[in-house]
Amino acid sequence: REKQEKKEQREREKQEKKERDAREKQQKKEKKAAAIKAKQEKKKTEGGSGGTSAGNKTSWDKQGKNPPKEELDEEEERKEVPSGLGIPRSLSDPNLTVGLDSNGLMHVDRPDGWVGAYSPESRKIRIERFMEKRNHRVWTKKVKYDVRKNFADSRLRVKGRFVKKEDELLMRDLMSLT
């Protein structure tokens, strides 16, 4: 009975923690949305565009999601996050802003000195790793089973291809006669 009570207590604690985390997450979203609205209203009063207009709603606006990262970055000062040490990067990198241009093509803004999605240090590490691997490539064939090689060497070939066993026996007989 005590075990069951302890188990129920743990389950209640887990459920309470989940609910608490969900509330905190929702509060963060609400604060972020309120801050964005306040900034947009501030821009409107200053004569700015204020984001998207009602007639030009984007897909994220229709779905009630937060605005894309590029709009946030326009308002906030960009801070460069230290690049990883050769860790794979993607378009979700905080140093990159991704958006679509007027033709619908993807446009990536990145800090100065970056090549593609890589910082100069990360790119240098990747190139060094590539050069090291390239220098250690092995171009010679390695025989795994000597028995197979010996058998292949002993078989009769015509134009580099093996001859069938039956034909091989006939050819050997013919060669021995001459």
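The values are calculated or read from the model by the stated rules, or taken from the named source; none is laboratory data. These figures come from a predicted structure and were not determined experimentally. Surface areas here come from the heavy atoms of the whole protein model, side chains and all, with no ligands, DNA or RNA. Shrake-Rupley method; radii C 1.70, N 1.55, O 1.52, S 1.80 Å.
Only one of the numbered conditions (1) under 30 Å from K124 (Cα atoms); (2) at pLDDT 80 or above is not met by P88, and that is (2).
Just for the stretch 113-170: of the residues that are among the β-branched types (V, I, T) and not in a helix (DSSP H, G or I), which one is least open to solvent (accessible area, probe 1.4 Å)? Selected residue: V163.
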